[in-house]
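Colleague: This structure is in structure tokens; I'll ask about it shortly.
The values are calculated or read from the model by the stated rules, or taken from the named source; none is laboratory data. None of these values were measured; they are calculated from a predicted model. Backbone-built Cβ (ideal geometry, glycine too); neighbour counts: all protein chains shown.
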Amino acid sequence: MVVEAKGLTKHFNRRTIFSDISFHLEDGESLVITGPNGSGKSTLVKIISGLLTPTSGTIEFYNDGKLLPAEVKYHQLGLVSPYLQLYKDLTAWENLTFFARTRDSKVDESRLKMLLKRVGLGGREHDELKTYSSGMIQRIKYVAALYHQPRILILDEPTANLDEKGAKIVYEIIKEQTSRHILIIATNEPDEVKFGMKHVELG
Ligand SMILES: Nc1ncnc2c1ncn2[C@@H]1O[C@H](COP(=O)(O)OP(=O)(O)OP(=O)(O)O)[C@@H](O)[C@H]1O
Ligand SMILES: [Mg+2]
């Protein structure tokens with residue numbers, strides 16, 4: 001898999017958030033996006049994920065040299081971010097099986113259970129998300145993002161709301177992802193910046 005960004009520029013109304021961002025990523029590589037609050041990290045993450053369109057420039061994904069169409073691209077991406085909305089009135093299990101079905105009609109329940117255990121939430125899956133703490137919600141987002149074994153994992157504020165144990169789980173996930181696939185992180189945490197082999201600095 002290859003991620004190729006060329007000349008990405010974003011304006012909101014007349015304000016330029018960033019301009020002419022380019023990078024190239026291959027399997028086994030990681031990119032860290034840093035910059036002060038409001039510098040456009042989340043905006044760039046949304047553009048890479050296809051949630052926003054750039055004002056100009058292109059972001060393309062290639063598999064074996066072939067350009068991936070948008071609908072296929074979605075199946076290769078996993079995203080953990082503060083703006084990913086879950087259904088608070090539903091249980092964790094209902095949320096996760098809902099997301100799993102947007103990928104495939106058949107839900108791999110044992111994979112979901114394995115991932116819940118991995119993030120330390122085994123046994124809590126039938127509680128409604130409105131009863132979850134913010135760190136527990138963050139952990140559930142990892143289960144949703146990792147379920148389909150994404151070849152491109154994108155993390156915006158990867159350890160937001162997590163305790164030390166939670167951060168350790170995330171660092172293991174990061175290492176695993178970069179051993180085979182592509183990782184993109186938006187963060188200013190020194191412990192996380194060091195995972196980046198390539199770097200985009202905004203602001
Ligand atoms: N939908 C929008 N309409 C107008 N301006 C926006 C919109 N979304 C973001 N912005 C602006 O774009 C800029 C970058 O915001 P963004 O959320 O990408 O920053 P960030 O680097 O992720 O900040 P933080 O470190 O606080 O998470 C800010 O000035 C913000 O106000
Ligand atoms: Mg942000």
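Colleague: Among the residues of segment 151-169, what is the count of those that are farther than 12 Å from LEU79 by Cβ and either hydrophobic (A, V, I, L, M, F, W, C) or away from ligand 1 (no atom under 16 Å from the Cβ) (or both)?
Modeller: So the count comes out to 10.
Colleague: Sort through LYS168, LYS130, LYS175 and tell me the only one that's closer than 24 Å to ASN95 by Cα, charged (D, E, K, R) and part of a helix (DSSP H, G or I). Don't jump to the end; show me each part of the working.
Modeller: On the way: LYS168 fails: closer than 24 Å to ASN95 by Cα; LYS175 fails: closer than 24 Å to ASN95 by Cα.
Going through LYS168, LYS130, LYS175 in turn, the sole match is LYS130.
Colleague: Yes or no: segment 17-24 includes at least one residue that is modelled with pLDDT of 95 or more, near ligand 1 (Cβ under 9 Å from one of its atoms) and exposed (fewer than 13 other Cβ atoms within 10 Å of the Cβ). Reasoning before the result, please.
Modeller: Of all residues in segment 17-24, those modelled with pLDDT of 95 or more come to 17-24.
Okay, now just the ones that are also near ligand 1 (Cβ under 9 Å from one of its atoms), so 17-18.
Narrowing the set further to residues that are exposed (fewer than 13 other Cβ atoms within 10 Å of the Cβ) leaves none.
No - not one qualifying residue is present in segment 17-24.
Colleague: Filter segment 122-165 for residues that are among the acidic types (Asp, Glu), under 23 Å from PRO190 (Cβ atoms) and touching a residue at least 12 places away in the same chain (Cβ under 8 Å); which is surrounded by the most Cβ atoms within 10 Å (Cβ to Cβ)? Outline the logic, then answer.
Modeller: From segment 122-165, those among the acidic types (Asp, Glu) are 125, 127-128, 156-157, 163-164; that's our starting set.
Going one step further and asking which of them are under 23 Å from PRO190 (Cβ atoms), we end up with 156-157, 163-164.
So of that shortlist, the ones also touching a residue at least 12 places away in the same chain (Cβ under 8 Å) come out as 156-157, 163.
Details: ASP156: 22, GLU157: 20, ASP163: 11.
Residue satisfying both the conditions and the ranking: ASP156.
Colleague: Restricting attention to segment 55-77, does a residue exist that is out of contact with any Cys (no Cβ under 7 Å at 6 or more places or on another chain), closer than 26 Å to SER179 by Cβ and within 16 Å of ligand 2 (Cβ to nearest atom)?
Modeller: Among the residues of segment 55-77, not one is out of contact with any Cys (no Cβ under 7 Å at 6 or more places or on another chain), closer than 26 Å to SER179 by Cβ and within 16 Å of ligand 2 (Cβ to nearest atom), which makes the answer no.
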